[in-house]
Amino acid sequence: MSVLRTQVGIVGAGPAGLLLGHLLHLNGIDSVIVENRSRDYVIDRVRAGVLEQGTVDLLIAMGVGERLQREGLRHDGLYISFSGHRHHIDMADLTGGKAITVYGQNEVVKDLIDTRLSTARPLFFEAEDVSVEALESSSPLVRFRHDGADHEIRCDFIAGCDGFHGVCRPSIPEGVLTTYERVYPFGWLGILAEAAPSSTELVYTLHQRGFALFSMRSPTITRLYLQVPPDEPIDNWPDEAIWEEMLARMTTRDGWMPSVGRIVQKGVTPMRSFVATPMRYGRLFLAGDAAHIVPPTGAKGLNLAASDVLVLARALKAYYEHRRTDWLDEYSNVCLRRVWKAQRFSWWMTTTLHRSPDETAFDHQRQIADLDYLTSSRAAMTSLAEQYVGLPMEVGLDSVGLSSTPHRVS
Ligand code: FAD
Ligand code: PHB
């Protein structure tokens, strides 16, 4: 069996694990990342698309924003559509110049993997039977099999960045965590299509037939979502049926609609809100989807993963530089303040824009009134805008040795 020693063992090479690994590297802290999927699988998985201003600033300050600055699409506003009309919300105007950037999660992950490999610090893909042990001791372990050999990593700390279905959270003894959960009675059918986006900004639609979302990945690729039942088999949706439903829900009275093209990827995702507290057990720290899940309507999941690992990196830096443990102790509470605000926003966006099977006629009229108020009140639009571009990170970039100058993606 091979035995490796490191400072921080990181389980999972999604956005949380890769970002943490690089933040630690920039501060001279050693880590080993262990991922159970292949490199191609991790990169090709189609997920998030919207980066908050603070996430963009973090990636650029970390030196991994070069392609993001070149290829990312800066959006100063978005549209909310209901009763056949699109309403514009000028987020930059309402937030003193902040914006979101559309840049696929798979591009973020690709850039972070390339950067990790260039540092020559260890990153194992296709690790089997990953487990975490001795979490209460001062030397917790990550064990796994790789290329037919058993490996043990002896760590000072373990970061559980292995997503909602990972092994880290279930390794915490029963009774330690309190969990909060809401499962929604719908899911999203998402497609990528070879079609030039017909709007330069996102369009969130509430239609009689349910929610729909217009987004994009590049000047030639459109990304669209439809509300469907949560367990809907994708085989129920031939391409023609998807286009018919997308156009029925999204076409507005002024004739705007998404452009149609060849569908190159499709899938159904269920929707859930979930928080596990505290985000720590002994020397195991949970970050990102391993600790909390939001429904994608607020576009917050990847951004929360980024803010969690910034707080964790600050605490680990203070531990290694000054033997401070107070920031490790505060990690969970500091993260949860921002997590719960993002939970509230994501729940609000979701329940305001989707049709629920058990809703009453009153509920639907209230949704319309909510959207009418939102799109006609500068105060309400400002509230949406400041949350959508991202509430401030709980700790500054300077706390991990980075410059905090805001950046602009063209
Ligand atoms: P993950 O990305 O899940 O990464 C966890 C990693 O751990 C994975 O690579 C996994 O393979 C690995 N792993 C799992 N188990 C093990 C194990 N036993 N051993 C080792 N490794 C393991 N968020 C946004 O911010 N903006 C958006 O616009 C947005 N849109 C979304 C749209 C959709 C359709 C979906 C599904 C999600 C969306 N999200 C969005 C959410 C976002 O994708 C997640 O919140 C984000 O991936 C969380 O990152 P993570 O690193 O915490 O977890
Ligand atoms: C996306 O482009 O994939 C996307 C955009 C906005 C969301 C969720 C997903 O709220």
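Out of (1) in contact with a strand residue (DSSP E or B) (Cβ under 9 Å, 6 or more places away or on another chain); (2) among the basic types (Lys, Arg); (3) surrounded by fewer than 14 Cβ atoms within 10 Å (Cβ to Cβ), the odd one out for residue 337 is which?
(1)
Residue 90 passes all but one of (1) farther than 28 Å from residue 285 by Cα; (2) within 20 Å of the chain's Cα centre (by Cα); which number fails?
Result: residue 90 passes all but (2).
Quick one: is residue 77 within 15 Å of ligand 2 (Cβ to nearest atom) and more than 19 Å from the chain's Cα centre (by Cα)?
When the stated conditions are applied, residue 77 passes them.
Determine which member of the set 240, 201, 245 is assigned to a helix (DSSP H, G or I), in contact with a strand residue (DSSP E or B) (Cβ under 8 Å, 6 or more places away or on another chain) and of a type in the set (D, E, K, R).
One residue alone meets the criteria, 245.
For the stretch 84-124, which residues satisfy the criterion of being out of contact with any His (no Cβ under 9 Å at 6 or more places or on another chain), closer than 21 Å to residue 217 by Cα and β-branched (Val, Ile, Thr)?
Answer for the stretch 84-124, where residues must be out of contact with any His (no Cβ under 9 Å at 6 or more places or on another chain), closer than 21 Å to residue 217 by Cα and β-branched (Val, Ile, Thr): 89, 108, 109, 113.
Suppose we filter 46, 3 for residues that are within 19 Å of the chain's Cα centre (by Cα), surrounded by fewer than 21 Cβ atoms within 10 Å (Cβ to Cβ) and either within 13 Å of ligand 1 (Cβ to nearest atom) or not in a loop (DSSP other than H, G, I, E, B) (or both); which single one remains?
Every option except 46 fails the conditions.
Out of (1) assigned to a loop (DSSP other than H, G, I, E, B); (2) within 15 Å of ligand 1 (Cβ to nearest atom), the odd one out for residue 136 is which?
Evaluating residue 136 over (1) assigned to a loop (DSSP other than H, G, I, E, B); (2) within 15 Å of ligand 1 (Cβ to nearest atom) leaves (2) as the failure.
Yes or no: residue 128 surrounded by fewer than 21 Cβ atoms within 10 Å (Cβ to Cβ), modelled with pLDDT of 95 or more and more than 27 Å from the chain's Cα centre (by Cα)?
Details: surrounded by fewer than 21 Cβ atoms within 10 Å (Cβ to Cβ): yes; modelled with pLDDT of 95 or more: yes; more than 27 Å from the chain's Cα centre (by Cα): no.
Judged against the criteria, residue 128 is not a match.
Here's a check for you: in the stretch 268-321, which residue that is under 18 Å from the mean Cα position of the chain (by Cα) and on the phi > 0 side of the Ramachandran plot is nearest to ligand 2 (Cβ to nearest atom)?
Selected residue: 299.
Across the stretch 196-212, what is the total count of residues that are within 12 Å of ligand 1 (Cβ to nearest atom) and free of Cβ contacts under 8 Å to residues at least 40 places away in the same chain?
Of the residues in the stretch 196-212, 0 are within 12 Å of ligand 1 (Cβ to nearest atom) and free of Cβ contacts under 8 Å to residues at least 40 places away in the same chain.
Please find, among 223, 262, the residue that is touching a residue at least 24 places away in the same chain (Cβ under 8 Å) and either more than 29 Å from residue 372 (Cα to Cα) or away from ligand 2 (no atom under 14 Å from the Cβ) (or both).
Checking each option against the conditions leaves just 262.
The values are calculated or read from the model by the stated rules, or taken from the named source; none is laboratory data. Quick caveat: nothing in here was measured; it's all calculated off a predicted structure. Here Cβ is always computed from backbone atoms with ideal geometry, including for glycine, and neighbour counts include all displayed protein chains.
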